[in-house]
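Data block below; observations after.
The values are calculated or read from the model by the stated rules, or taken from the named source; none is laboratory data. Remember, predicted model here, so these are calculated numbers, not experimental data. Here Cβ is always computed from backbone atoms with ideal geometry, including for glycine, and neighbour counts include all displayed protein chains. Quick note on the areas: whole protein, heavy atoms, side chains included, nothing else; ligands and nucleic acids left out. Shrake-Rupley method; radii C 1.70, N 1.55, O 1.52, S 1.80 Å.
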Protein chains: 2
Amino acid sequence: MKLFFIRHGIAEERSPNQRDEIRKLTDVGIVKTKQVAEKLNILNLRFDLILTSPLVRAKETAEILLQAQLSPQIIETPLLAPEGILDDWLNWLVNSEYHQEDQAIALVGHEPNLSSWAEILLWGEVSYKLTLKKAGIIGIEMTQINKPKGKGKLFLYSTPKIFQN
Amino acid sequence: MKLFFIRHGIAEERSPNQRDEIRKLTDVGIVKTKQVAEKLNILNLRFDLILTSPLVRAKETAEILLQAQLSPQIIETPLLAPEGILDDWLNWLVNSEYHQEDQAIALVGHEPNLSSWAEILLWGEVSYKLTLKKAGIIGIEMTQINKPKGKGKLFLYSTPKIFQN
């Protein structure tokens with residue numbers, strides 16, 4: 001199974017007048033996220049499913065990936081919200097139809113969650129070696145889908161800058 | 001400064017009748033390495049310099065990168081041979097005209113050297129978390145070019161499979 005951790009694109013600044021959940025991607029964020037999606041397409045990446053956090057900036061990012069035909073579907077889940085917990089998501093996965101070795105799943109969400117989850121799957125613990133920039137991507141091959149922690153293999157890690165020239 | 005560690009492509013099998021140094025890329029190795037070079041080109045990666053191990057399979061890989069116009073020049077150096085030592089290469093770098101923050105240098109060579117060097121630059125020690133497949137690439141941003149060990153940031157890590165669809 002391949003997991004792609006993708007952080008949302010550049011969003012509006014936090015403001016005391018606006019709930020965090022409804023912050024949108026900025027115009028620049030939309031353009032840069034589309035550039036990333038286009039490059040992922042050129043690299044022939046395909047997801048069976050995009051899971052996204054319910055926050056607007058994540059949903060907009062997931063929608064851009066969908067429009068670029070990287071995946072046939074999006075599922076919105078609170079498991080990927082900023083307060084989401086890896087074990088809860090792994091429980092969801094095990095009980096889903098996507099718990100298959102040949103699946104490729106994109107998780108669109110937030111930092112520091114995504115890179116922490118990635119590190120736990122790769123190394124069994126959070127070591128703060130990886131970070132995801134906005135619209136950045138981490139690709140992990142899950143070699144053992146039943147006991148995945150610490151068994152993953154990193155096969156893709158890229159900042160959006162790489163994809164935006 | 002950006003460093004790109006690139007392992008040579010798929011080469012002829014070892015044979016008691018042939019010196020290791022003259023093993024060539026196979027036809028498949030040439031095709032796959034050209035595919036990687038093409039994708040690096042699409043991503044707009046550019047090197048100011050390709051340094052290569054003097055072994056034939058590395059030199060052929062470097063030549064493919066040059067032909068793809070990823071760099072204007074190749075320098076062959078025994079520092080990147082399988083017995084090369086990171087500190088010797090860092091000494092070379094400090095005394096070269098390429099020891100500048102804006103430089104991008106590709107190092108074409110061998111495992112386990114390249115991923116070990118990358119890990120020392122990233123984390124200060126070899127932790128066997130990264131591996132380079134044939135024609136794979138690791139991109140490191142050297143944030144401190146004078147005392148680089150443990151200060152690097154990983155910005156690109158990719159298996160050739162990603163680039164070969």
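General observations
- Number of the exception - residue B:54 against (1) open to solvent by less than 10 Å² (accessible area, probe 1.4 Å); (2) of a type outside the set (Ser, Thr, Tyr); (3) modelled with pLDDT of 95 or more: (1)
- Note on segment A:60-82: residues that are over 15 Å from the mean Cα position of the chain (by Cα) and open to solvent by 50 Å² or more (accessible area, probe 1.4 Å) amount to 3.
- Cross-chain or 6+ apart pairs with Cβ under 6 Å, segment B:20-49 first and within 26 Å of residue B:83 (Cβ to Cβ), then β-branched (Val, Ile, Thr) and part of a helix (DSSP H, G or I): B:22/B:56; B:24/B:56; B:33/B:61; B:33/B:64
- Any chance residue A:34 is more than 22 Å from residue A:117 (Cβ to Cβ) and among the basic types (Lys, Arg): yes
- In segment A:19-28, the condition of being within 25 Å of residue A:92 (Cα to Cα), modelled with pLDDT under 95 and out of contact with any Asp or Glu (no Cβ under 6 Å at 6 or more places or on another chain) is met by at least one residue.
- Residue satisfying all of: in segment B:8-46; touching a strand residue (DSSP E or B) at 6+ places or on another chain (Cβ under 8 Å) and either within 14 Å of chain A (Cβ to nearest Cβ) or of a type in the set (S, T, N, Q) (or both); most open to solvent (accessible area, probe 1.4 Å) among these: B:46
- Considering the conditions (1) modelled with pLDDT under 95; (2) over 26 Å from residue B:10 (Cβ atoms); (3) out of contact with any His (no Cβ under 9 Å at 6 or more places or on another chain), residue B:145 is excluded by exactly one of them, (3).
- Residues within segment B:119-132 that are touching a strand residue (DSSP E or B) at 6+ places or on another chain (Cβ under 9 Å) and facing chain A (nearest Cβ under 9 Å), tallied: 4
- Scan of segment A:105-132 for residues that are at pLDDT 95 or above, open to solvent by 10 Å² or more (accessible area, probe 1.4 Å) and more than 16 Å from residue A:82 (Cβ to Cβ), ordered by number: A:120
- Test: residue in segment A:84-99 that is of a type in the set (Val, Ile, Thr) and crowded, with 18+ Cβ neighbours inside 10 Å: no
- Of the residues making up segment B:133-161, those that are open to solvent by less than 30 Å² (accessible area, probe 1.4 Å) and either away from chain A (no Cβ under 14 Å) or in contact with a Cys (Cβ under 8 Å, 6 or more places away or on another chain) (or both) number 3.
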